[in-house]
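Some notes on the structure that comes next.
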Amino acid sequence: VQLQASGGGLVQAGGSLRLSCAAFGSTWTISAMGWSHQAPGKQREPVASITSGGRTEYVDSMKGRFTISRDNDKNTVYLQMNSLRPEDTGVYYCKALSQRGAYYWGQGTQVTVSS
């Protein structure tokens, strides 16, 4: 499985961005997809995930501001980010979990939120 993320950029605080992540290859093996965030100088942390059935989970700090969605026909997952804050700055990585428990990661997309 290969993942290609896009949609990052520079935005002012309070603005919005939508990230996209397209999966290629053995996509039928994917059970869940999601996003993680790595702030400068910090460890990568989960943000949100969504199963093939549409069940979603969010980290508390992103609830109400970020929305994850998935288009199974396009093998694509989206992360709509609203009310962005400077602390949301960092690299956002797309990830996929296979039915066998293997994780796959995309290359990451940079999000910079200016104050």
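Data for the structure
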{"read-out": "Tally of residues being of a type in the set (S, T, N, Q) and open to solvent by less than 40 Å² (accessible area, probe 1.4 Å) across the stretch 31-42", "value": "2"}
{"read-out": "Counted residues, the stretch 60-79 - those being open to solvent by 60 Å² or more (accessible area, probe 1.4 Å), under 11 Å from Arg18 (Cβ atoms) and not β-branched (Val, Ile, Thr)", "value": "0"}
{"read-out": "Pairs with Cβ under 7 Å, 6+ apart, first in the stretch 96-111 and open to solvent by less than 40 Å² (accessible area, probe 1.4 Å), second in a strand (DSSP E or B) and among the polar types (S, T, N, Q)", "value": "Ser98/Ser31; Gly106/Gln4; Thr109/Ser6"}
{"read-out": "The lone exception for Trp28 - which of (1) open to solvent by 50 Å² or more (accessible area, probe 1.4 Å); (2) modelled with pLDDT of 95 or more it fails", "value": "(2)"}
{"read-out": "Residue satisfying condition, being closer than 16 Å to Gln110 by Cα, hydrophobic (A, V, I, L, M, F, W, C) and open to solvent by 30 Å² or more (accessible area, probe 1.4 Å), within set Ala13, Ala5", "value": "Ala13"}
{"read-out": "Residues (in a strand (DSSP E or B), among the polar types (S, T, N, Q) and under 15 Å from Trp35 (Cβ atoms)) located in the stretch 65-113", "value": "Thr67, Ser69, Thr76, Gln80, Thr109, Gln110"}
{"read-out": "Qualifying position, being open to solvent by 70 Å² or more (accessible area, probe 1.4 Å), closer than 18 Å to Gly106 by Cβ and at pLDDT 95 or above, among Glu45, Glu57", "value": "Glu45"}
{"read-out": "Residue among Gln80, Gln43 that alone is over 15 Å from the mean Cα position of the chain (by Cα) and among the polar types (S, T, N, Q)", "value": "Gln43"}
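The values are calculated or read from the model by the stated rules, or taken from the named source; none is laboratory data. Predicted, not measured: the structure shown is a model, and the values here were computed from it. Note that we place each Cβ from the backbone using ideal geometry, even for glycine, and neighbour counts take in every protein chain shown. We work out accessible area using only protein heavy atoms, side chains counted, and drop any ligands, DNA or RNA first. Shrake-Rupley method; radii C 1.70, N 1.55, O 1.52, S 1.80 Å.
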